[in-house]
1. Return the tail of the calculated pair distribution for region 141-236, meaning the percent of Cα-Cα pairs more than 23 Å apart.
2. Treating the beta-carbon of each Lys and Arg as +1 and of each Asp and Glu as -1, no other charges, what is the dipole magnitude of region 6-257 about its Cα centre, to the nearest 20 debye?
3. Picking from ASN59, ASN72, ASN226, which is most flexible by a Gaussian network model of the chain using Cα springs under 10 Å?
4. Nearest 500 deg cm²/dmol is fine: what mean residue ellipticity at 222 nm does the chain get from its DSSP H runs of n ≥ 4 alone, each adding -39,500 (n - 2.57), divided by its residue count?
5. Counting other beta carbons within 10 Å of each residue's own, what order do HIS28, HIS122 fall into, fewest first?
6. Report, to two decimal places, the Cα Rg of region 29-127 normalised by 2.2 N^0.38 Å (N = number of residues).
7. Largest first and in whole Å, what are the equivalent-ellipsoid semi-axes of the chain based on the Cα gyration tensor, each being the root of 5 times an eigenvalue?
Amino acid sequence: MDDTTYQDYVNRVAPMTLSLTHRQQVQHIQKSAKFDQGKALPFPGYTLTNPPWEDDFPNETVYQNLKTIQQNLSEKLGNKFFIPIPSSSFHLTFADLIWENNFRNQMTKNPQFEEQICERLHHSFKQYQQEYPVAQPINFQLLGLTLFTRGIVVCLAPANEKGYEQIRHLRRTVYQNLKLMELGIEQQYHFTAHISLGYFNETPQDLDKEKIVEVLEFLNDQLVENPLPELIVKEAQLRQFDDMLRYYRHDHFPILTL
């Protein structure tokens, strides 16, 4: 389901940061169902991510710059429309695992669900390490801002083909793990490396869509003129979330050193 080659990935994701794409996407934006009146609603689940900013001090410069970009978005778009998430939760998702009703159902009917997902994900990590026995952190380039249907994100791309192949292999070991599939975990999305900055609140009839495009274009031009350092990812971790504001882990949650 993911792009076959690194170049396929770049060809798909890089245009997402262009103004032409923004003008198309802005016609389809919607209020996020994960928030109500700017407040986060319950939306529990598990995900596989790099450590969020609160636990990732080596990437401090990258995240601090993203926080500044987020603040610019809030100032220019207004908090009534754009809901910024806590910058401490900035993260990059490797694989969406299970969430909302599917997560609730599994937790209700299977008292050992957490124990099993940890054990079976650990098995996927061992499979990954058979292919990559020596730690090889993955560098990501920040390509620019783009619009998702319900929020604004920063798109990223692995800095080279080797990094992309590591991600493809990791995702295969997770999504093709039959024991994980038995727990209701399945691939539903293409891999699009991104860091979410915020979500959309109410979208009024008189929403100035051209202004949104102009703001994104302005901030992306700044990123071209002053590129951010690469994000260096050294770990993939099982993280739990109760809503879109924080991604946490317990001591027994598995960690993969990349």
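1. Cα-Cα pairs in region 141-236 separated by more than 23 Å: 44 percent.
2. So the dipole magnitude of region 6-257 works out to roughly 440 debye.
3. ASN226
4. Value at 222 nm, helices only: -12000 deg cm²/dmol.
5. Ascending Cβ contact count within 10 Å gives the list HIS28, HIS122.
6. Working it through for region 29-127, the quotient is 1.34.
7. Its equivalent ellipsoid spans semi-axes of 30, 22, 16 Å.
Throughout, read-outs are computed from the coordinates displayed, never taken from laboratory work. Because the structure is a prediction, the values reported are computed rather than measured. Please note: Cβ atoms are built from the backbone with ideal geometry, for glycine as well, and neighbour counts cover all protein chains shown.
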